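Some notes on the structure that comes next.
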Amino acid sequence: MFRKKNTLPPAATYKEVWRNGDQYTKLSFVFMGLAQIKNKQWAKGFAYLGTEIVFLLWFVFSGISTLSMLTTLGVNKTKRVVYNQSQGVYITKLPDNSVVILLFGVLAVILLLAMVFLYVTSLKSLRTLYVQNRDGTHVPTNKEQLSSLLDSKLHITLMSIPILGVMAFTVLPTLYMISMAFTNYDSKHPIGFSWTGFKAFGNVLTGDLAGTFFPVLGWTLVWAVAATATTFFFGVLLALLIESRGIKRKGLWRTIFVIVYAVPQFVSLLMMAQFLDLQGPLNTVLMNWGWIAHPINFIGASANATVARITVIVVNMWIGIPVSMLTSTAIIQNLPQDQIEAARMDGANPFQIFRRITFPQILFVMAPALIQQFIGNINNFNVIFLLTGGYPMNNSYNGAGDTDLLVTWLYNLVFGQTQRYNASAVLGILIFIISATVSLFAYRRTNAFKEG
């Protein structure tokens with residue numbers, strides 16, 4: 001069967017509102033809120049009008065100059081000594097602070113877009129008000145509109161403050177970081193910098209940083225896969241072991257492993273760094289037992305790259321397995337026991353039951369969480385920074401070590417000697433693109449998505 005198309009005309013077009021509306025309606029196309037004030041919707045009308053007046057004052061006295069400066073990020077790029085004819089002396093002219101100009105420029109763009117959105121909202125409200133007057137239906141009073149903010153429109157009231165917080169602490173910093181990627185902001189241009197287009201992207205992908213980016217990207221993906229797979233697989237095995245029939249005091253065993261998760265991660269990582277140190281307890285014990293003749297450099301500056309990478313994966317297992325164990329335990333306890341008993345009666349061994357029944361159902365439930373864990377491991381700053389600090393250093397890399405991930409390399413570019421803020425911004429964008437692409441690709445192929 002074919003669906004009938006909705007051929008009903010709209011309640012009113014904006015052209016009709018402009019043509020047939022009264023003078024207050026027509027003026028509301030320019031001065032927001034006048035029609036609402038005329039209809040005694042005081043709160044909405046004065047809110048629209050007051051916001052427009054404040055915006056216009058800001059735009060005239062500050063916004064225009066802020067947006068114009070955003071195009072150049074300041075005229076003076078370097079410190080200069082110039083002669084002041086009026087004073088008859090030489091003065092030092094400092095460069096324009098492009099950091100502040102860029103920040104306030106991005107903020108001005110957000111405010112401009114927010115005002116456009118508010119204007120569109122006011123037009124929709126104006127059209128609704130016109131239809132109500134045209135058709136003789138009830139026009140909500142000021143009291144009714146204010147009451148609706150705590151009733152039918154309570155969600156708007158409750159979401160207003162979180163949305164402002166997201167705009168201030170998420171959207172603004174994100175747009176600022178993205179904008180920085182298109183400049184030459186680095187240690188050579190710490191104050192006055194300029195727009196350079198995609199030059200920073202070229203430096204990362206094909207330029208002097210490409211020899212570091214692609215190897216570090218490869219290790220980041222290997223690390224994310226290994227860290228996710230090992231913690232999940234061994235967490236499931238540990239949960240199955242504790243839940244098996246022959247194990248007593250199951251709560252005690254769970255508590256022992258949960259303690260590892262309960263201890264703050266940075267404490268565990270710093271403790272493991274001391275434990276694996278060249279002069280640490282592990283090397284001391286192995287040498288005393290006669291198992292090794294010389295200390296093993298697990299994570300030091302001169303450690304072997306392969307040894308250091310295996311070490312961080314193993315240490316991450318120590319931290320991550322309890323989390324997977326807890327999640328898997330909850331799933332295992334809710335598995336359909338009739339299927340398992342039927343499989344046993346048909347002669348299936350424990351491995352076949354695990355492969356055909358237990359593991360697929362655990363994977364079905366945990367697949368979205370595994371994708372989230374994979375993305376978290378791509379950005380797992382703590383394990384690498386606190387355990388190895390990126391060591392061992394690689395002379396072929398630019399500001400990165402053999403165990404550095406993209407996110408820790410980004411940190412080194414910002415706080416290292418080069419201070420390549422534009423390159424770090426490019427890395428932030430690329431990390432987001434990689435994370436978003438992988439998560440969308442993987443999630444759309446999970447059974448939880450297909451059957452949802």
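A straight chain from GLN23 to PHE415 at 0.36 nm per residue would run longer than the Cα-Cα distance by 135.1 nm. If a spin label sat at a point 7 angstrom from the Cα of GLN372 along the line to its beta carbon, the backbone N atoms of the stretch 314-354 nearer than 13 Å would be those of 324, 327.
What FRET efficiency do you get for PHE432 and SER302 if R0 is 35 Å and r is their Cβ-Cβ distance, rounded to the nearest 0.05?
On the way: r = 34 Å, r/R0 = 0.98.
Rounded to the nearest 0.05, the efficiency is 0.55.
Note on ILE340 and LEU94: the extension gain reaches 80.9 nm, defined as 0.36 nm multiplied by sequence separation minus the Cα-Cα distance. Legend: calculated FRET efficiency, LEU154 to ARG356, from the Cβ-Cβ distance at R0 = 51 Å, rounded to 0.05, equals 0.55. Note: relative contact order over the chain, using C-alpha pairs below 8 Å and six or more positions apart, is 16 percent. With a ≥ b ≥ c taken as the square roots of the eigenvalues of the C-alpha gyration tensor of the stretch 204-451, please select rounded if a/c is under 1.5 and otherwise prolate if a/b is larger than b/c or oblate if it is not? Oblate, because a/c is 1.5 or more while a/b does not exceed b/c.
With a Förster radius of 25 Å applied to the C-beta separation of ALA47 and GLU16, the computed FRET efficiency comes to 0.45. If a spin label sat at a point 7 angstrom from the Cα of ALA442 along the line to its beta carbon, the backbone N atoms of the stretch 318-354 nearer than 19 Å would be those of 318-328. Remark: spin-label model distance ILE292-SER187 equals 3.4 nm, labels positioned 7 Å along the Cα→Cβ axis. For the chain, the longest piece that avoids every one of the chymotrypsin sites (Phe, Trp or Tyr not before Pro) found in DSSP loops with at most 13 other C-beta atoms within 10 Å covers 3-197.
Would you mind checking the stretch 304-333 for residues with the amide N under 20 Å from a putative spin-label position 7 Å along Cα→C-beta of ILE247? From the stretch 304-333, the list is 317-333. Distance between the 7 Å Cα→Cβ label points at ALA330 and VAL285: 3.4 nm.
Entry note, the stretch 204-451: relative contact order of 27 percent, from Cα contacts under 8 Å with a spacing of 6+ residues.
Below 8 Å between Cα atoms, with a sequence gap of 6+, how large is the relative contact order for the stretch 241-311 in percent? Computed value for the stretch 241-311: 17 percent relative contact order. In this simple spin-label model, placing a label point 7 Å from the Cα along the Cα-to-Cβ direction at both GLN265 and THR71 gives a separation of 4.6 nm.
Counting only Cβ charges, +1 for Lys and Arg and -1 for Asp and Glu, the dipole size of the stretch 204-451 around its Cα centre is about 560 debye.
The alpha-carbon of LYS153 sits under 13 angstrom from the alpha-carbons of these aspartates and glutamates, leaving out residues fewer than 8 places away in its chain: GLU144.
Net charge within 12 Å of PHE31 by Cβ-Cβ distance, Lys/Arg positive one each and Asp/Glu negative one each, not counting PHE31 itself?
+1
Applying both filters, DSSP loop and at most 14 other Cβ atoms within 10 Å, to the trypsin sites (Lys or Arg not before Pro) of the stretch 27-111 gives LYS40, LYS79. How would the chain be classified by its alpha-carbon gyration tensor: rounded, prolate or oblate, with rounded meaning a/c under 1.5 and the a/b versus b/c comparison settling the rest? Oblate is the answer for the chain, as a/c is 1.5 or above yet b/c matches or exceeds a/b. Charge tally for LYS77 (other residues, Cβ to Cβ under 14 Å; Lys, Arg +1; Asp, Glu -1): +2.
Each reported figure results from applying straightforward, stated rules to the coordinates on display, with no laboratory input. A quick note: this is a predicted structure, and the numbers were derived from the prediction, not measured. Cβ coordinates were reconstructed from backbone atoms using ideal geometry, including for glycine residues, and neighbour counts include every protein chain displayed.
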